[in-house]
């Protein structure tokens, strides 16, 4: 069969050309992908300048923030002093009001005690007078005088008993006490937890230092 070698050679040639076309297409596609990742000519300096300007702005902002952070202790101290002044002012107002109430209540109670003592003294004087009258009638009076005196003293005794009951019912308070309308321990607890430190972005204070790692951007060039 003299034509077989020629047919085989032609088939191989077609396969070789097809492979070459495929490789050419692959290289073209790869070149296109690489060209997409590479910046166009003339834009590299502009990009570098823009990024450098951004970094300068970041450094300037960090320098300003560093200054503000360094002054934080002074700002916090001033705030605490103002807070303390408000607390002292509130306490002074409270103290003045409470002492004023104490003085007024003391004055009222002392007046009530004075009235009780005066009333009690007057009633004792009345009893003493009645005793003297009884002794005088026994020594110098008669039965009629004795009857009239006993009738008079009976009324007086009833009046004295009534007034003694009133005195017992209106017994003056022995002392003045402070009443906590709000528990002082709760106020102290509230004050102790009234303030905390946080950053301007709302982050709470943490005693442990946070590590911030800046990962460099990676550029691949094929």
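Looking across 73, 63, 97, one residue alone is in a helix (DSSP H, G or I) and modelled with pLDDT of 90 or more. It is 97. Taking the listed residues 101, 105, the one that is closer than 30 Å to residue 178 by Cβ, surrounded by 10 or more Cβ atoms within 10 Å (Cβ to Cβ) and in contact (Cβ under 8 Å) with a residue 24 or more places away in the chain is 105, with no other qualifying. When the stretch 189-206 is filtered for residues that are surrounded by 10 or more Cβ atoms within 10 Å (Cβ to Cβ), under 16 Å from the mean Cα position of the chain (by Cα) and modelled with pLDDT under 85, nothing remains. Of all residues in the stretch 168-185, none satisfies being farther than 30 Å from residue 95 by Cβ, at pLDDT below 60 and assigned to a loop (DSSP other than H, G, I, E, B).
The values are calculated or read from the model by the stated rules, or taken from the named source; none is laboratory data. These figures come from a predicted structure and were not determined experimentally. Counting neighbours? That spans all protein chains shown, and the Cβs are built from the backbone with ideal geometry, glycine included.
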